[in-house]
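Engineer: Got a structure for you, written out below as structure tokens; questions coming shortly.
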Amino acid sequence: MKLRNNTSILNKYRLFKIRRITKKIIKLESEYRQMTDEELSGQTIKFKERLAQGETLDDLLVEAFATAREACYRILGQFPYEVQVMGGIALHQGCIAEMRTGEGKTLTATMPLYLNALMGKGAILVTTNAYLAVRDGEEMGKVYQFLGLTVGIGAKEEDTDTNQDSEEDRESVYMADITYTTSATLGFDYLSNNLASSAEGKFLRDFNYVIVDEADAVLLDSAQTPLIISGFPRVQSNLFDICNQFILTLKEGEEFFFDPDKKEVYLTDKGNDYAESYFDIAELYSSESWELNRHINLALRAHYLYRKNFDYVVQDDEIKLLDNRTGRVLEGTRLQSGIHQAIETKEKVKKTKESRAMGSVTYQSLFNMFPKIAGMTGTGHQAEDELIETYHVPVVSIPTNKPTQRIDYPDKIYATLPEKLYATIEMVKKLHAKGQPVLLISGTVEITQIYSKMLLQEGIPHSTLTANNVAKEALIIQEAGQYGTVTCATIMAGRGTDIKLGQGVAELGGLAVIGTERMPNSRMDWQLRGRSGRQGEPGMSQFFVSLEDELLVNNGPEWVKKYFKKNNNTERRNYGQPLKSKRFKRALTHAQTKSEDGAISSRRFTIEYDESMRIQRNKVYALRDKLMLEDVDLSAKVEKIVFEVIGDFLQTHPKRSPHQLRRYILDNFTYEFKKIPEDLLLASDTQIEDLLFLIFKKEMKKKARIVQTHEGMSEFYRLAVLKAIDEAWIEEVDTLQQLKGVITTRSTAQKGSVSEYYKESLRSYKEMTRQIQQKIVRNIMLSTIEVDKEGRFSIYFV
Ligand code: ADP
């Protein structure tokens, strides 16, 4: 296989070292087989003792792997192969182990998970869906339990339980020695953990070691969309309607520019001027107008980038999003930052409340928080550069257990879609006639359904899988290797499930995988081929392509389009024949590279944008942790903050009116100051400062009397500060989220860039720090405290 020939020198060197360790583990086989169950499971305690005495995980590697390996054999009846041991070592070393589909990655992960869990700091395995997390966690969990370790499963299967877990549940999941969960659950748990209001509410410990299953899919393909936790509706804005009306008056090409291919839409300079006169404002790109600006952009995007019945459907007076890879309605998923409301306005349905982003994290930031990260995938090598750049993890290609026998036929390229459809079905018919099982894989649900209809017409019975029920489809796909079976599936359907060959099928050539189009990147092509020919079984793969395929239409060279126009007819001499010329094959490779390059640069873009959010998030979360977990005396700090806040007010209001001063005192310091002495209004800055500080001191004294103890007062300060931080941070996350929307549109209009986003986000960060201080003052001054008989007190913040 081509992939292997590219194996770099570095990879060879790594493999060489891994092999040497593997040999030592293999040598222990018979010795460990002799051990009693008690001796074997007793190893865990011995290892932990040795770690406590200063030995390292690397010192224990050989024995711990031998232990886990033997335990797998005794508990599961599966003895990890030599190549699986090699894969396990790569995982322990913080690499991405590239192992072909069917090589047994689930079993491979048990050895490094066991070893790394011995430190008692947790080892986590993340999968792409809950079904796999539960299945693998339960199955492999038996091994760890036998060895005296605990296991937690952090993800729930879709249909089983919709109830939120309690904090204790989640704590036990993450305090377990080994945790199986999904990447999304881990991300959301991370965010909600940092919204906890006390140390008791926290359930995550520091991250230690993670293995990411299907690493390229998670770390790259899913990494573009940040995970966002939302809550608290924002105040509903009426700008949606106004802007919706406004953009209906715009002329394309003149007042706004629209490029459907690049998915870009923005106001031209002329449109900008027009907006300024339409709304009677001085400048659209000023901080005063940015809400308006945001809503204009939202309306433009809602109208031009989101297509009805393609990106969304209107159902029961609601906008429901469609997953355009699988075509199914994404229940409960909503677009963020107002775009959902803009589409609702466009479609004239009832507007839902615009929720606020309370926390957001990308997979890049999430996984980079682990001191050690490893991954498993069938196809990682093609993306090694990017994986190293983003996550600093090298890829090690592990050899297969048995030599591959699958035959990968060269693509069959046709000019038109009908020719391709016909040829594909003919091939399925031929294979089906002799009983060879066929797995027909398409990129989208629509195409899967087209093939399904055609097969029906031909009278070929088959199952159709469109990734809408993971557990059910896993059961169906398991059978895809039986005699005479035909299965139509999207690329995602039944992922991670093993396809075993039925009786007599190997003799017929094994499972035939047919791809009905080449995928947006070659990794996906290989994932698709990899469904066949596992563990040295026979098999074949074949792609059918037409010049009308989305990949070529969007990314193909110009001459292909011209060629297609000229030959798009049935009278042509070679109608129905595949195109033989090499240049079509080259065009296809070119289109795929271009498509993947586009994806890579857009991922880079996401990382750049996320950088300022990451820095801010780290600072805020660290501050919260310090407040919650450490014993800091806040009284002196608070005093300083009060001074700063007063100074800030005086400085920003040099010519304050009596009314302003009165309002300020009432809003921030005390309600008991209804009548302000006349002379105070003429007072100097210093006099006002003195007065406010006096009010502060008096209020604190009063509160201290109610609370009575010093510890109680500390707790009061802590809560007041924490609340201030949280409120301001939630605002900030939401602002950054929206800012990104505004700036990305602006930058495509050549008006700004990532650096402008950084500048703006730094400005809003400074504003947030100011807000925090102000809120702290309000919280300590305007809150009331009540103490019950047992001395427990409740604080009521305004
Ligand atoms: P992958 O995720 O690499 O595609 P899986 O983890 O789904 O592979 O494993 C494929 C199949 O091989 C499973 O049915 C598993 O039980 C089986 N298997 C894996 N390793 C072994 C082994 N060492 N001995 C026997 N069966 C194994």
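Engineer: Go through 612-618, 659-665 and give me the packing order, highest mean Cβ count within 10 Å leading.
Structural biologist: Values: 612-618: 18.3, 659-665: 15.6.
Listed from highest to lowest mean packing, they are 612-618, 659-665.
Engineer: Packing-wise, with mean Cβ within 10 Å as the measure, how do 567-573, 627-633, 243-249 rank, highest first? Intermediate results must be reported in sequence, preceding the final value.
Structural biologist: Working: 567-573: 10.3, 627-633: 12.0, 243-249: 17.4.
Packing order, densest peptide first, comes out as 243-249, 627-633, 567-573.
Engineer: Let me ask something else about it. Kirkwood Rh, Cα Rg: Rg to Rh for region 42-200?
Structural biologist: Numbers: Rg = 16.1 Å, Rh = 16.4 Å.
Result for region 42-200 is an Rg/Rh of 0.98.
Engineer: Please give the contour-minus-distance gain from Q405 to M119: 0.36 nm per residue of separation, less the Cα-Cα distance, rounded to one decimal in nm. Could the numbers behind the result be given before it?
Structural biologist: Working: separation 286, 0.36 × 286 = 102.96 nm, distance 4.14 nm.
Stretched fully, the Q405-M119 segment lengthens by 98.8 nm.
Engineer: OK, next. At q = 0.20, 0.22 Å⁻¹, what log₁₀ I(q)/I(0) does region 1-89 have when each alpha carbon counts as one equal point scatterer in the Debye sum?
Structural biologist: Relative scattering, expressed as log10 I(q)/I(0), comes to -0.97, -1.10.
Engineer: Could you please rank R406, R19, placing first whichever residue has the fewest other Cβ atoms within 10 Å of its Cβ?
Structural biologist: On the way: R406 23, R19 14.
Fewest-to-most Cβ neighbours within 10 Å comes out as R19, R406.
Engineer: Further question on the same structure: Determine, at each q value in 0.16, 0.19 (inverse angstroms), the log₁₀ of I(q)/I(0) that the Debye formula gives when each Cα of region 452-573 is one equal point scatterer.
Structural biologist: With one equal scatterer per Cα and no solvent, log10 I(q)/I(0) is -0.88, -1.09.
Engineer: Once you wrap a convex hull around the alpha carbon atoms of region 58-131, what is its projected area averaged over all directions, in nm²?
Structural biologist: Details: hull surface 21.7 nm².
So the mean shadow area of the Cα hull is 5.4 nm².
Engineer: Once you have the alpha carbon radius of gyration of region 419-458, what is it after dividing by 2.2 N^0.38 Å, with N set to its residue count?
Structural biologist: Working: Rg = 10.0 Å, N = 40, 2.2 N^0.38 = 8.9 Å.
Its radius of gyration relative to the 2.2 N^0.38 Å reference: 1.12.
Engineer: Using a 10 Å cut-off around each Cβ, can you sort Y414, Y575 from fewest to most neighbouring Cβ atoms? Before the final figure, lay out each step's value.
Structural biologist: Working: Y414 25, Y575 14.
Fewest-to-most Cβ neighbours within 10 Å comes out as Y575, Y414.
Engineer: Quick one: work out the % antiparallel among DSSP beta bridges in the chain, nearest 5. Intermediate results must be reported in sequence, preceding the final value.
Structural biologist: Numbers: 19 of 65 bridges.
Expressed as a percentage, antiparallel bridges in the chain total about 30.
Engineer: Return, for the Cα atoms of region 545-660, the radius of gyration and Dmax in Å, separated by a comma.
Structural biologist: So, for region 545-660, Rg and Dmax equal 31.8, 91 Å respectively.
Engineer: What number, rounded to the nearest 500 deg cm²/dmol, is the helix-based mean residue ellipticity at 222 nm of the chain, given -39500 (n - 2.57) per DSSP H run of at least four residues and division by all its residues?
Structural biologist: On the way: 29 runs with 418 residues, N = 798.
Rounded to the nearest 500, the figure is -17000 deg cm²/dmol.
Engineer: Quick one: Karplus J couplings for region 193-207, per residue in order, coefficients 6.51, -1.76, 1.60, θ = phi - 60°, nearest Hz, x for Gly and Pro?
Structural biologist: With coefficients 6.51, -1.76 and 1.60, one gets 4, 8, 9, 5, 9, 8, 4, 5, x, 8, 10, 9, 9, 4, 5 Hz.
Engineer: Over the chain, with a single point scatterer placed on each C-alpha, what log10 of the ratio I(q)/I(0) does the Debye formula yield at q = 0.05 1/Å?
Structural biologist: For the requested q values the scattering log ratios are -0.34.
Engineer: For K434 and E39, FRET efficiency with R0 = 51 Å and r from the beta-carbon atoms, rounded to 0.05?
Structural biologist: Working: r = 53 Å, r/R0 = 1.05.
Working from the Cβ atoms, E equals 0.45.
Engineer: Once both axes come from the Cα atoms, what is the angle between helix 130-146 and the longest principal axis of the chain, in degrees from 0 to 90, rounded to 10?
Structural biologist: 90 degrees
Engineer: Still on this model: At a 10 Å Cβ-Cβ cut-off, how would you order E139, E103, fewest neighbours first? It would help to have the intermediate numbers written out before the result.
Structural biologist: Working: E139 16, E103 24.
So the residues, fewest neighbours to most, are E139, E103.
Engineer: Now for a separate question. Which angle between 0 and 90 degrees, to the nearest 10, do you get for helix 445-457 versus the longest principal axis of the chain when only C-alpha atoms count?
Structural biologist: On a 0 to 90 degree scale, this one is about 30.
Engineer: Can you give the Rg to Rh ratio for region 590-722, taking only C-alpha atoms and Rh from Kirkwood?
Structural biologist: Working: Rg = 23.6 Å, Rh = 18.9 Å.
Rg/Rh: 1.25.
Engineer: Through the Karplus equation 6.51 cos²θ - 1.76 cosθ + 1.60, θ set to phi - 60°, convert the phi angles of region 490-495 into ³J(HN,Hα) values in whole Hz; use x for Gly and Pro.
Structural biologist: Computed from phi, the couplings for region 490-495 are 7, 4, 7, 4, x, 5 Hz.
Engineer: Angle, helix 82-92 long axis vs. longest principal axis of the chain, Cα atoms, 0 to 90°, nearest 10?
Structural biologist: Once rounded, the angle reads 20 degrees.
Engineer: Over 16 Å, how big is the tail of the calculated P(r) for region 399-496, in percent of all Cα pairs? Let's see the in-between values first.
Structural biologist: On the way: 2889 of 4753 pairs.
Value for region 399-496: 61 percent of Cα pairs lie more than 16 Å apart.
Rule-based calculations on the coordinates, nothing more; no lab input. Since the structure is predicted, the reported quantities are computational estimates derived from the model, not experimental observations. For neighbour counting, all protein chains shown are included, and Cβ atoms are generated from backbone atoms with ideal geometry for every residue, glycine included.
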